[in-house]
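Asks: Structure incoming, see below.
The values are calculated or read from the model by the stated rules, or taken from the named source; none is laboratory data. For clarity, every value in this text was computed on a predicted model and none was experimentally measured. Heads up, the Cβs are rebuilt from the backbone with ideal geometry, glycines too, and the neighbour counts pull from every protein chain shown.
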Protein chains: 2
Amino acid sequence: MNKKREYLVERINTMKSFLCIGLDPDIDKIPAFYRNSSSPLLNFCADVVHNSFDHVVAYKINIAFFESQGPEGWRQLEELVKLIPNECFVIADAKRADIGNTSSHYAKYYFERLNVDALTLHPYMGVDSLEPFLNYHNKWSVILALTSNKGSNDFEKLKIENQQYLFESVIQKFNSTEFADQIMFVIGATNPEYMQQIRTQAPNSFFLIPGIGEQGGELEETVRKLRNKDGGMLINVSRKILFPNGLETTMDDIRTSILDYANQMKSLF
Amino acid sequence: MNKKREYLVERINTMKSFLCIGLDPDIDKIPAFYRNSSSPLLNFCADVVHNSFDHVVAYKINIAFFESQGPEGWRQLEELVKLIPNECFVIADAKRADIGNTSSHYAKYYFERLNVDALTLHPYMGVDSLEPFLNYHNKWSVILALTSNKGSNDFEKLKIENQQYLFESVIQKFNSTEFADQIMFVIGATNPEYMQQIRTQAPNSFFLIPGIGEQGGELEETVRKLRNKDGGMLINVSRKILFPNGLETTMDDIRTSILDYANQMKSLF
């Protein structure tokens, strides 16, 4: 299914939600019930999906947690993607990017074989390094701009020649390509002081917002400062939904957190 | 085996070479003989390794070409790493990086399970995003600085506040950490005009140099401008060694290219 801009706008408005659940199945943190099964990552995530798909807009799958388990992890990843209901928007959070010849192989894997709707990408190597992803016009390229970690001070917030921050230059550069309509930018919720200027700079862009919950970002302020007429964002919550009670977390706890976030979003909509 | 700085310096000087073979087993380009086997990526790369390990310092394995084949590609990758002779220095060219919690899972995979000596990384998200890799003190973090593609103009060569280029700021920032001795920077051979100032800025750093061969970088000029008392670099050649005659390439052709590059390096040593 083609889940371009129109589809995403409609789904956000139908669900009255920006909620994206981050599927981060950390093998050391998932409940023992799943950890001891033959497909722990898959079984845990599948249960989370079954308990949430009618309350969320999207899922963001953190590839590192599958990659770290070797070929067996990738098998579970491929099965997981197949069982997510087709109406949900699926982001592979892999943060890839390389020279064109190599990027085209990553693009082929994520956009053809895995067939997710969106993939996260590093901008450092410039526009041509991401063109093999951008050339999939029915898919979304989700480009890191201003991330939620403290290291965002090191380079992303450096001022460049024209007094822009580097992350603003990233947004401007990619939004000036022909691909702007299929690009989303990552903006960490831990950066509320930059949100108004970011929305002014990119009035029509979609943003993927990590950093709510465990990392301390505020939901209400983020929605107020970044929403536009289309909705214009997906708000990711991972650990606060998956592990609300640490190692003692049950699927009931997870369902409670999911409903709690879904209701919070609805009340802000 | 611990292949820290002293090991690498000795191996470069013993081999009288900077040669790193880039194992980029593009499934669409490898000879039909291998392509039709049950483990095409593994069998092709294994033959390249058997024909080269006594002439090279290092191998750089391009992870995208394995990842693009799904779980079966990862199985072949894991077998390949096991059969590379232990004296060779092995770089996984994966270009990863994420927030700390996620990076630590990538680090665990590459530095423990796969047990390669070095891993390539994106600097965009800042120092804390790479600390989980840097905390493996016996392993090398190979950080992108000035890459070989034309997109290096987009952000890497932006001038920042203090009139440094962004790539210089990356080198300076990471070299000012306690991890400087286990960090290598990627400097594309397509940027000869920046090499002298880079070596002046980072007199003791090791560089990983892509862009020789297919991308047009000059071997002799690169060696002249970047070598230091330790050698101080690994020069990667991929396509010009793996596919010198396109789809018609035989293992004899590959062996000829390997010996040719090995001899060119020796004559410059």
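Asks: Which pairs have Cβ atoms under 7 Å, sit 6 or more apart or on different chains, and link a residue in segment A:239-256 that is in contact (Cβ under 8 Å) with a residue 12 or more places away in the chain and within 20 Å of B:GLY100 (Cβ to Cβ) to one that is of a type in the set (Val, Ile, Thr) and in a helix (DSSP H, G or I)?
Replies: A:ILE241/A:ILE254; A:ILE241/A:ILE258; A:LEU242/A:VAL48; A:LEU242/A:ILE254
Asks: Can you tell me which residue is farthest from the other protein chains (Cβ to nearest Cβ) among those in segment B:24-49 that are touching a residue at least 60 places away in the same chain (Cβ under 8 Å) and in contact with an Asp or Glu (Cβ under 9 Å, 6 or more places away or on another chain)?
Replies: Only one residue tops the list, namely B:PRO31.
Asks: Do we find a residue being of a type in the set (Phe, Trp, Tyr) and closer than 27 Å to A:THR14 by Cα anywhere in segment A:68-75?
Replies: no
Asks: Residues that are under 22 Å from B:LEU8 (Cβ atoms), under 18 Å from the mean Cα position of the chain (by Cα) and in a loop (DSSP other than H, G, I, E, B): does segment B:89-98 have at least one?
Replies: Among the residues of segment B:89-98, not one is under 22 Å from B:LEU8 (Cβ atoms), under 18 Å from the mean Cα position of the chain (by Cα) and in a loop (DSSP other than H, G, I, E, B), which makes the answer no.
Asks: Return the total of residues in segment B:57-72 being under 29 Å from B:ALA262 (Cβ atoms) and either in contact (Cβ under 8 Å) with a residue 60 or more places away in the chain or within 8 Å of chain A (Cβ to nearest Cβ) (or both).
Replies: Residues in segment B:57-72 being under 29 Å from B:ALA262 (Cβ atoms) and either in contact (Cβ under 8 Å) with a residue 60 or more places away in the chain or within 8 Å of chain A (Cβ to nearest Cβ) (or both): 6 in total.
Asks: Among the residues of segment B:112-135, count how many are aromatic (Phe, Trp, Tyr) and within 19 Å of B:LYS60 (Cα to Cα).
Replies: Residues meeting the conditions: 1.
Asks: Do you know which residues across segment B:81-91 are within 14 Å of chain A (Cβ to nearest Cβ) and surrounded by fewer than 24 Cβ atoms within 10 Å (Cβ to Cβ)?
Replies: B:VAL81, B:LYS82 - these are the residues of segment B:81-91 that are within 14 Å of chain A (Cβ to nearest Cβ) and surrounded by fewer than 24 Cβ atoms within 10 Å (Cβ to Cβ).
Asks: Going through B:VAL81, B:VAL127, B:VAL90, B:VAL116 one at a time, which residue ends up being aliphatic (A, V, I, L, M), free of Cβ contacts under 8 Å to residues at least 60 places away in the same chain and over 19 Å from B:VAL186 (Cα atoms)?
Replies: B:VAL81
Asks: Restricting to segment B:20-71, what's the tally of residues that are farther than 16 Å from B:ILE91 by Cβ, polar (S, T, N, Q) and outside any loop (DSSP other than H, G, I, E, B)?
Replies: 1
Asks: Let me ask you something else. Does A:LEU121 qualify as being buried (at least 23 other Cβ atoms within 10 Å of the Cβ), touching a Ser or Thr at 6+ places or on another chain (Cβ under 7 Å) and not aromatic (Phe, Trp, Tyr)?
Replies: Taking the combined requirement at face value, the residue satisfies it.
Asks: Take A:TYR109 and decide whether it is part of a loop (DSSP other than H, G, I, E, B) and either at the interface with another protein chain (Cβ under 10 Å from one of its Cβ atoms) or closer than 16 Å to A:ILE183 by Cβ (or both).
Replies: In short, no.
Asks: Tell me, yes or no, whether segment A:34-41 has at least one residue that is at pLDDT 95 or above, of a type outside the set (Gly, Ala, Ser), buried (at least 24 other Cβ atoms within 10 Å of the Cβ) and closer than 26 Å to B:GLU112 by Cα.
Replies: Yes.
Asks: I'd like to verify a number: residues in segment A:155-175 that are surrounded by fewer than 22 Cβ atoms within 10 Å (Cβ to Cβ) and either part of a loop (DSSP other than H, G, I, E, B) or on the phi > 0 side of the Ramachandran plot (or both), how many?
Replies: Counting residues in segment A:155-175 that are surrounded by fewer than 22 Cβ atoms within 10 Å (Cβ to Cβ) and either part of a loop (DSSP other than H, G, I, E, B) or on the phi > 0 side of the Ramachandran plot (or both) gives 6.
Asks: Closer than 25 Å to B:LEU41 by Cβ, at the interface with chain A (Cβ under 9 Å from one of its Cβ atoms) and either part of a helix (DSSP H, G or I) or not β-branched (Val, Ile, Thr) (or both): does that describe B:LEU119?
Replies: no
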